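Working notes, structure below.
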Amino acid sequence: MKSVKSGPEFAALSEKEIGRALDAYEAQCEAAEGDGAEPPSSDPVVAEVARLIGEYTRRFDEYCAQYEELPEKILDYEPDTPIEHVAFEIFTDAVHDALQAEDDE
């Protein structure tokens, strides 16, 4: 996970600025809820968060394919920038939700 880095143009953004961009996108998605597809975002902050989540997911999937058991420390990564932190938090929440759903089955 450590080699997942945001673009330098996003490094100085605060979590508040990132949150505003994500909230605006969420409102856009709710307004377009009719067809079930998420509308594309023209906001580069939203696109960067999505890219980072995709990278975290890809690396996690590679690790899962390589090893039978996941060490609990795999999610102990501490990102360097606020945008990486927000994206990693979204990613880890999704992992925890998926693992909880597996346990509930």
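The values are calculated or read from the model by the stated rules, or taken from the named source; none is laboratory data. A quick note: this is a predicted structure, and the numbers were derived from the prediction, not measured. Because the Cβ atoms are built from the backbone with ideal geometry, glycine has one as well, and the counts that use them run over all protein chains shown. Just so you know, the surface numbers come from the protein's heavy atoms only, side chains and all, with ligands and any DNA or RNA stripped out. Shrake-Rupley method; radii C 1.70, N 1.55, O 1.52, S 1.80 Å.
Worth pointing out:
- Protein accessible area in the chain, 1.4 Å probe - carbon and sulfur %: 50
- Accessible area per residue for the chain, computed on protein heavy atoms with a 1.4 Å probe, is 69 Å².
- Membrane-span-like helices in the chain, defined here as complete DSSP H runs extending at least 20 Å along the helix axis by their C-alpha atoms with mean Kyte-Doolittle hydropathy no lower than -0.5, are 44-66, 82-104; this is a sequence and geometry rule, not a statement about a membrane.
- Summary value for the chain: 42 percent relative contact order, contacts being C-alpha pairs under 8 angstrom separated by 6+ residues.
- Oblate is the label for region 1-97, because the ratio a/c of its alpha-carbon gyration tensor axes (a ≥ b ≥ c) is 1.5 or higher and a/b is not greater than b/c.
- Burial order of peptide ranges 84-91, 53-60 (average beta-carbon count within 10 Å, highest first): 84-91, 53-60
- For residue 24, net neighbour charge (Lys/Arg +1, Asp/Glu -1) across residues whose Cβ lies under 12 Å away: -4
- Region 55-73 and region 3-44: distance between their alpha carbon centers, rounded to Å: 25
- Cα gyration tensor category, rounded, prolate or oblate, for region 54-99 with a/c compared to 1.5: prolate
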